[in-house]
Amino acid sequence: MQTSPVATNIEAFSRDGRSHPAHPPPRRHGRRRFFMNRDFSSLNNMTIRKYLQLSHQVFRQQFFQPATALWKIPELLILIPTLKVPGRILDLGCGDGRLGRIFLSNRKPSDLTGVDIDLDEVSMAAEQRVYGALYCASASSLPEKNAAFNQVVSNCVLEHIPEIDQVICEVGRVLKKGGEFIFTVPQKHFHAFLPLAKLLSFLHCEKWKIAYCLHIDKRLSHFNYLSIDEWDRMLMKYSLQIVQTNGYFNRVEMFGWEVLSNLTGGLAFLLTRKKSPPRMIQKKMGLLDVNLPWLGSITFSLLIPWLILCWAFRQSQQCGCFLVRAVKN
């Protein structure tokens, strides 16, 4: 099985390892407007304007997943400033490449490699013209030589992998000495930050709370929640030492995500009798084959007041997820 034609300077790999280069027309750059900035490399000096510009771009890329966009905005705010290491970068679990197009926008495609276990996602990532190379492969068996990368980035992927020990081993293998492993994951007490779960706990409806949390995990395909100490012990086994941790996704942001998620992907999940996650439903309906960024712009416009509220509470110390930066010894 082979992937479809892909963009200039990109090699997409099918499961048999064969590559399929192509030469599409060059990307056109339009006039930048207030909400249309695409360079987010300087997010250390955050302003409300930059925040809304980033939010707009995320909604345009996630036009059929507005709840996911609400999760990804605070995630990218904390992830992008860490991507300063020169050299090759591996995007572990790159998916369809839409988010990579945002947080890796200031890097040359020749420095970027993407890997994902889903061949359909790899094919879509190739169309984004972000990565110089793409692999359809398991994260526990990376098709790269030892010490090949200066940085490995995993953007909310590890919680979806049941057995992550071998994945961390592979990351340690492909990283150069002094290279960085940066990843974002939900924290150990993620469920405690869900407003509905907290309400059920307050009402002493523990059985309903447990059932709701299990429902969320099944819908999101979440398999593990580890503490920073647990991550530290696992990383140390493979010569990776944590040098930075930062929390993100506070209670205000999680409230907006939970409400919108339950009304969109959650409802679709229930209509399939909990048999198909929202992403699979979108694939079956062919929604991933269309490009409607204007739909994301409309959703963004409707949610601007909520986004401004999230901006006002961005410094909250209680967060449901965290970023980890570890260095290879």
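General remarks:
- Relative contact order for the chain: 21 percent, from Cα pairs under 8 Å spaced at least 6 residues apart, divided by residue count.
- Counting 0.36 nm for each residue step from Trp306 to Asn291 and taking away their Cα separation leaves a gain of 2.9 nm.
- Efficiency of FRET from Cβ geometry, Gln317 and Ser221, R₀ 41 Å, rounded to 0.05: 0.90
- The dipole here belongs to segment 44-328: it is taken about the Cα centre, uses +1 on the Cβ of Lys and Arg and -1 on the Cβ of Asp and Glu, and is about 360 debye.
- Theoretical gain in end-to-end length, His160 to Val85 [0.36 nm per residue, Cα-Cα removed]: 24.4 nm
- Residues whose amide H lies under 5 Å from that of Tyr248, counting only those 5 or more places away or on a different chain, are Gly320, Cys321, Phe322, Leu323; hydrogens are built 1.01 Å from N in the peptide plane.
- Inter-label distance for Ile210 and Leu196, nm, one decimal - labels placed 7 Å from Cα along Cα-to-Cβ: 1.9 nm
- Separation of alpha-carbon centers, segment 270-329 and segment 142-167, rounded to whole Å: 22 Å
- Between Thr47 and Glu230, the FRET efficiency estimated from the beta carbon spacing at R0 = 41 angstrom works out to 0.70.
- Ignoring lysines fewer than eight residues from Lys198 along the same chain, the ones with Cα atoms less than 21 angstrom from its Cα are Lys188, Lys207, Lys209, Lys218.
- Each Lys and Arg contributes +1 and each Asp and Glu -1, all at the Cβ; summed about the Cα centre of segment 59-130, the dipole is approximately 440 debye.
- In the chain, helices alone account for a calculated mean residue ellipticity at 222 nm of -12000 deg cm²/dmol, with every DSSP H run of four or more residues adding -39,500 (n - 2.57).
Read-outs throughout are calculated quantities, based only on the coordinates presented, and are distinct from any laboratory measurement. Nothing here was measured: the structure is a model prediction, and the numbers come from that model. Glycine also receives a Cβ, built like all others from the backbone with ideal geometry; neighbour counts cover every protein chain displayed.
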